[in-house]
Structure formats: structure tokens, C-alpha cells
Amino acid sequence: MYFISDPSHSSLSQAFAKRLKIPAISPEIHRFPDGETRVRIAEDIASKKVILLKSICPPVNDHVMELALVLDSLQRSGASEIHAIIPYLGYSRALHQFRTGESVGLDIVRKILESFHISTFVFVDLHSIKIKELFTTPIEEVSILPLFAKTIRSLVDDLLSVTLVSPDKGGLRRVEMLSSLLAKPSVVAIDKTRDLSSGDIKLGDMRGKLNETCFVIDDMISTGGTMVEAINYLANHKVKKIYAMATHPVLSGKASHLLQDSPVEKVFVADTIEIEDSKKFPKLEILSIAGELAKSAKSWLK
Ligand code: R5P
């Protein structure tokens, strides 16, 4: 079994390889001055099983192409089985047409990925349960929610004083899953609307009672708009302690500054995307998904 690491995410690659006790091979990636890229796997992997780890993280268009080139080089080198771990699936929010005339980015990414002979795709906390139905290749979904649950238990003694909050109705399933991993603290979903042209977010009503400690749970933080609006909403509703938990730290634009300056106690994220030092901030805490990914991969080693 060979493991092809992600050069743009060396910390997760190393943690994963260490847990599985397999050496990591780094693909040679050469970027030409015009932006074109050439990938080479120098090792002889003919007839070998291969695990590849690579997130489709920002800049997503470059990483989609890089991933396709790595898969192409693995296939051309004659790998017998390819298991692709894609901790962050860029374009996952573009899973259908929101307005007529729009492209569907995830469908394009899926077509690219499924043009290779992949045995399994592993994704982490998918944006929507509908995504699995779009693929014909077997998919395993791994979640950071058990680690979020452990973190919540370490932060609060009385789980009945806690409310798990989804900043939008689409995330209700996620907070309910997290609640079921704990002693069923109450859950609340806020009614979020986003202007599709400007991207502006408006939070409206919510159903349910907010306790003195709230955890806002989301699948990703991109611009930070959703998370910071939700944090401010809870602060305006006299919530005493607010924590944020989101699987994928996309952290685009001013997200890190907005979060650091908000009335949140701490922001917990998973290491599905490598965070540049300039985007790290004091309230940020990174939990590793490596253990969960390794559990998933163990069956391929047999
Ligand atoms: C939306 O449906 C997602 O679950 C996230 O709430 C959203 O993508 C976060 O984006 P941003 O940080 O830009 O508000």
C-alpha cells in the first residue's frame, strides 16, 4: 500500500501516515510560468494499492486540476486500487441550480473525479446529504462531530444548560446528530436568508429556547459572514457564552479578523484544510480528523 500525501496539507498528511504506519510519498508538482501544472509520481506503483489525500481547498480551481493530474498520473502508472480521501470537497455548495441559467460546479467536479477509476472516495462532513446520491463511486463520509462532542463535554459540566445552534435550517440535521452524541442538549435553527447576488446574509426568526451557553455549529466558515452574524444574534439574545464549531476552515477574506473581534469565546475547526499562519488567530483551535480518516482507511490495508 502506498500513500500519496498532499503537499499543500503536509500536517494532516503526516498525521494520517503516522497513524496508519505507512510511508508517505510526495508527488512532484511543477507549476509552469503560465500556470499549467505537471505532476509526476516517481515511485513504481504498478499493481500497487494507493491511498491519496488531497483537499479541494482555496484556490479551488487550481486544486481541482492538481487533484485530477495526480489521479491521472496514478492511473497511468498502473495503480491497482485508488482510494481518494478528499477532506474538503470544494464546490460542494454548488450542488444544484439556484437560479435558471446557472452552472452547477459540483456536477463538474464530480464528472472530473468520476472519470478516473476510484475504488472509494472519503469525504469529511459533506455540505448536504444529497451529495452522496450524485456519485456512483462508493463514498465514505467521516465526521468531526464525535470530536466536537468530546470538546463540548470538556467545556461544560451541565449539558442541559447548553443549546446547539444551526445558523440555518439546512444545518438542523447536523446539530441534531451532534445532540444525539451528547445527552441530547436542546437544538435551535435560525432562519437564514442570503441574497444570491450580493451574498448578504439576514438572520430571521428561530424556534426554541436559547440556554446560557450556545455552540453554533456549521459545516464551514468561508467569509465568516454566517458564523459572525449568528454569534452576534446570540449575543443580542443575551446568551452568556458562545462557542463556534465548523468542520472546514475555508477562512476567506477577513473571516479570521471578524471572528477574533466577535463576542465568541473560541472557534473550533477541523484540519481538513491547512490554515496559513497569517489566518490563525488566538480564539482558533484546530482539532485533527487524522484519527477518523485512519480508521476509515484501515480496511484497505488488508
Ligand atoms: C451554508 O449553507 C453553509 O453551511 C455555511 O453556513 C456557509 O457556506 C458559510 O459561508 P460564509 O462563511 O461565507 O457565510
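Here, each number is a calculation from the coordinates, and none is a lab measurement. Since the structure is predicted, the reported quantities are computational estimates derived from the model, not experimental observations. Cβ coordinates were reconstructed from backbone atoms using ideal geometry, including for glycine residues, and neighbour counts include every protein chain displayed.
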Using just the Cα positions, wrap the range 117-203 in a convex hull and report its mean projected area in square nanometres, one decimal place. 7.7
Mind scanning LYS18/LYS298; LYS202/LYS280; LYS169/LYS254 and naming the pairs with a C-alpha gap bigger than 19 Å? LYS202/LYS280; LYS169/LYS254
Using alpha carbon centers only, the range 111-127 is separated from the range 255-269 by a whole-angstrom value of 31
Largest-first principal axis extents of the Cα set of the chain (Å): 61, 45, 37
Along its three principal axes, how long is the range 106-256 when you only count alpha carbons? Whole Å, largest extent first please. 52, 38, 27
Percent antiparallel among DSSP beta bridges confined to the chain, rounded to 5, stands at 15
Out of all DSSP beta bridges with both ends in the range 3-156, state the antiparallel percent to the nearest 5. 20
Which net charge results for the neighbourhood of LEU284, defined as the other residues with beta-carbon distances under 15 angstrom from its beta-carbon, given Lys and Arg at +1 and Asp and Glu at -1? -3
What's log10 of I(q)/I(0) for the range 238-281 at q = 0.15, 0.18, 0.25 Å⁻¹, Debye sum over Cα points only, no solvent? -0.38, -0.53, -0.95
Please figure out what share of the DSSP beta bridges in the range 82-231 is antiparallel and state it in percent, rounded to the nearest 5. 20
In Å, what is the Rg of the alpha-carbon atoms in the range 176-300, and how long is Dmax? 15.5, 50
Looking only at aspartates and glutamates whose Cα falls under 15 Å of LYS132's and that sit 8 or more positions away or on another chain, we get ASP107, GLU114, GLU140, GLU141
Mind pulling the per residue volume of the convex hull built on the Cα atoms of the range 164-213? Å³ is fine. 77
Projected label distance in nm at LEU134 and SER119, using a 7 Å step from Cα toward the beta-carbon: 2.6
